[in-house]
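Trainee: My questions all concern the structure below.
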Amino acid sequence: MRQFDQELKDLRDGILAMAGIAEEMIDLTNQALVERSKAKADQVMALDRRMDEWELKLDRLCVDLLALRSPAAGDLRLIASSLKIVPEIERIGDHCCNIARRATYVHPPILSGGLLERMGQETRGMVRWAVDSFIGSDAGLARTVIAADDSVDELYGRIYRELLRLMMTDPLCIERASHLILVIKNWERIADQATNIAEEVLFILEGRSAKHPYLQNAPPDPNIPSE
Amino acid sequence: MLRTGALDMDIDDPRPIPEPTLLQAPPEPDPRPAMPPQPDLPLTDPSVLSAPTMLRVDRLNLFYGDKQALHDINLQVARHSVMSFIGPSGCGKSTLLRCLNRMNDLIDNVRIQGRVLLGDTDVYAPETDVIALRKRAGMVFQKSNPFPKSIFENVAYGLRIQGQRDKTTLEEAVERSLRGAGLWEEVKDRLKDSAQGLSGGQQQRLCIARALAVRPEVILMDEPCSALDPIATAKVEELILELKREFTIVIVTHNMQQAARVSDHTAFFWMGKLIESGLTEQLFTNPGHRMTEDYITGRFG
C-alpha cells in the first residue's frame, strides 16, 4: 500500500475509533440515567479525555495531509469532511458528559412510558447509522439518518411539553424536570450531530453538499447584490 | 436542527406519541449510483455557454504515419479564459496544443482530420495564411528559447519581420510587451544587453513578451514553468492570471497544482483521447470519470 493510502486509512481508522468511544459513551450515559449510577457517569467523563486526545491527533493528521499531499478529488473530500466530522463526534462526547452529570438528579423518575429511554435509544441509533454510513460508504443509510432527525425532534417536543405539564401540576418535581429538559436538549443535539455527520458522508460520496437543501434550487436573494 | 414550532405550548395535546421510527430495520440502500455520469464537454459551465468561443476543436483526429495520436477530440475554449491540458506523457496534450496554430505542419508524415476554429477562422482551410494564424495564436515553449540577440531585438523581432521600421512604434511595443510580461522593471536599463544573460525565469517571461508583441488573441503555452524554480513559476502563474484579461490562454502542464491554480477549465487526456473536461474546481474536487480521479490523486497505472 502506498504511504499516502496508509495515511488515509489511518485517518479513517481514527474516526472509527472516535466513533466507537462516542457510542460507548452514549450507552454508558443511557445506563447511568436509568440506573441512577454515579459510577457509570464517572466512566463517561473518563472516556471524554480519550475523545479529546483523538480529536487533537486527527486534526493534526488532516492538516498534515493537506499540507504535504495536496490531495484532490475523493481524497480531498474525505480529508475536508473529516475536519468537520471529527469535531462533531467530539461534541457528542461533550453532550454525553452534560447528560451523565445530571444522572443522579433526575430520580425518582417522573416521566412515564420509557420516554427518556426511547429518546436515548433513538439518538443512539442515529449515531450508529451515521457511523455505519461512513464505514460502508452507504449514501442511502446517510439519507435515512437525515430523515430520522425529525422523529427525534418530535419526541423532544413531546417530552418538553410533558415536563411543563408536570411542573405546573406538582411543584415538587420542578428540579428534576429542569434537569430533564437539559438532558433531552443534549440528546436532541447529539441527533443533530449525527445528521451533520451523515451530510458530510454524502459530500464525500457524491461531491455535492447535502446541507440546507432549501438553498440548492432557490432563486438568489434579491437583497444580496450579485457579483 | 430543531424546527420552529416544536416547542409550541400545547400541553394538553392528546395525540399519542408516535412509535419510534429508528428502531425498525434500515431501508434498502439507495440504488442510485453514487457518482452521476458527467458530460464530456464543459457545457454544464454557464460561463462557457455565455462567453464567446475563442477556440473550437471539432472531431479532430491526428495520425503520425499509421499511428493515431489523437482520437475524435471535441473541445471549446472560451474567450478570455485559461484552459489547462493535463495527462500523462504521451497522452496527446502537446500534440493537440500544436494543432491549434498548425505547428504540426513542420513535422513530416502528419495527417489531420476534423476542424479547428480560431474565432471564425478555419485553421486548416487551404486558404488560411499560416503566418497570420500564428500571429493570432502565439506560442511559449517548455524551454525558453530567446534569440541570440539583445533583449530589445528579441521582443521587436516579430514586428520587424512584419515590416515595422518605425523606431517609436517599436519602442512602444517593446515596453508594452515587457510590462505585460512583468519584466520591464527588471530589464529597462539594459535593453541592449544580450537576452542570454537573463535568468531562466526572466528568459521565459521574455519569450512571453515576444509572443505578446505581435498582439495575439491566443497564447499557447507548452509546459512554460517546468524548467523554472518556484519563485519564477509563481511569477509566470501570476502573469497568466493577468494576461487572461486580454488574451485567451491554453496551457499544457504536468503540474496539477499549477493547472488548479491558473486555469478556469481543465481537460484530461489519456492515450490520445479527451477523457473529461470541465470547470477546474469541479474536475479537482469531484471528477466525473474514474480515470481522471485516479490520475489527479496519483493512483494512475
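Any read-out appearing in this document is the output of simple, stated calculations on the displayed coordinates, not a laboratory observation. Computed from a predicted structure; not experimentally measured. Using ideal geometry, Cβ is built from the backbone for each residue, glycine included, and neighbour counts are taken over all protein chains shown.
Trainee: Please compute the average number of Cβ atoms from other chains found within 10 Å of each residue's Cβ in peptide A:152-163.
Mentor: Other-chain Cβ atoms within 10 Å of each residue's Cβ, averaged: 5.
Trainee: Assigning unit charges at the beta carbon (Lys, Arg +1; Asp, Glu -1) and nothing else, what dipole magnitude in debye, to the nearest 20, does the protein assembly as shown show about its Cα centre?
Mentor: That gives the protein assembly as shown a dipole magnitude of about 1800 debye.
Trainee: If each of A:Q3 and B:Q257 carries a label point 7 Å out from its Cα toward its Cβ, how far apart are those two points in nm?
Mentor: Using points 7 Å along Cα→Cβ, the separation is 1.5 nm.
Trainee: Helix-derived [θ] at 222 nm for the protein assembly as shown: sum -39500 (n - 2.57) over DSSP H runs of at least 4, divide by residue count, nearest 500?
Mentor: Details: 18 runs with 279 residues, N = 528.
Helix contribution divided over all residues of the protein assembly as shown: -17500 deg cm²/dmol.
Trainee: Another one. Counting other Cβ atoms within 10 Å of each Cβ, which GluC sites (Glu not before Pro) in the range B:122-172 have at most 13 and sit in a DSSP loop?
Mentor: B:E127
Trainee: Per 0.36 nm of contour for each residue apart, how much would the distance between B:M291 and B:D122 grow if the chain were fully extended, relative to their Cα-Cα spacing?
Mentor: Stretched fully, the B:M291-B:D122 segment lengthens by 57.6 nm.
Trainee: Only sites in a loop by DSSP and with at most 10 other Cβ atoms within 10 Å count here; which trypsin sites (Lys or Arg not before Pro) in the range B:172-216 make the cut?
Mentor: Filter output for the range B:172-216: B:K192.
Trainee: Could you give the alpha-carbon Rg of the protein assembly as shown over 2.2 N^0.38 Å, rounded to two decimals?
Mentor: Dividing the Cα Rg of the protein assembly as shown by 2.2 N^0.38 Å gives 1.33.
Trainee: Along Cα→Cβ, 7 Å out, is where each label goes; now give me the distance between the ones at A:S112 and A:V34 in nm to one decimal.
Mentor: Simple spin-label model gives 2.0 nm for this pair.
Trainee: Between A:D13 and B:R115, take the C-beta separation as r, use R0 = 41 Å, and let me know the FRET efficiency to the nearest 0.05.
Mentor: Using R0 = 41 Å, I get an efficiency of 0.20.
Trainee: Right, something else. Within the range B:63-78, list the residues whose amide N lies under 15 Å from a label point set 7 Å along Cα→Cβ of B:R56.
Mentor: Only B:74-78 fall inside the zone, counting backbone N under 15 Å.
Trainee: Separate question: Counting partner chain Cβ atoms within 10 Å of every residue's Cβ in A:64-72, what's the average?
Mentor: Mean shielding by partner chains, rounded to a whole number: 3.
Trainee: Still on this structure, I have one more. How big is the dipole moment of the range A:3-211 about its Cα centre under a simple scheme where the beta carbon of each Lys and Arg is +1, that of each Asp and Glu is -1, and everything else is neutral? Debye, nearest 20, please. Show your work: numbers first, answer last.
Mentor: Numbers: 27 positive and 35 negative charges, 99 e Å.
So the magnitude is around 480 debye.
Trainee: Ordered by packing density, taken as the mean number of other Cβ atoms within 10 Å over each peptide's residues, highest first, how do B:62-71, B:291-300, B:90-99, B:159-168 rank?
Mentor: B:90-99, B:291-300, B:62-71, B:159-168
Trainee: What list do you get for B:W184, A:W54 if you sort them by fewest beta carbons within 10 Å? Don't jump to the answer; show the numbers that get you there.
Mentor: Values: B:W184 16, A:W54 22.
Exposure proxy ranking, most exposed first: B:W184, A:W54.
Trainee: Hey, for a label at B:D72 modelled as a point 7 Å past Cα toward Cβ, could you say which residues of the range B:265-301 have their backbone N under 17 Å away?
Mentor: Under cut-off, by backbone N: B:269-277.
Trainee: Next up: From other protein chains only, count the Cβ atoms within 10 Å of every residue's Cβ in B:285-291, then give the mean.
Mentor: Taking all residues of B:285-291 together, the mean is 3.
Trainee: How high is the FRET efficiency from A:R165 to A:D132, r the C-beta distance, R0 35 Å, rounded to 0.05?
Mentor: 0.40
Trainee: Could you check the simple spin-label distance between B:L241 and A:A67, using points 7 Å along Cα→Cβ, in nm with one decimal?
Mentor: 2.2 nm
Trainee: Taking trypsin sites (Lys or Arg not before Pro) that fall in a DSSP loop and have at most 13 other Cβ atoms within 10 Å as cut points, what is the longest piece of chain A between them? If you can, show how the numbers build up before the last one.
Mentor: Details: sites that count: A:R2, A:R208.
Excluding the exposed sites themselves, the longest stretch runs over A:3-207.
Trainee: If r is the Cβ-Cβ distance from B:I231 to A:L83 and R0 is 41 Å, what FRET efficiency results, to the nearest 0.05?
Mentor: Details: r = 30 Å, r/R0 = 0.74.
With a Förster radius of 41 Å, E is 0.85.
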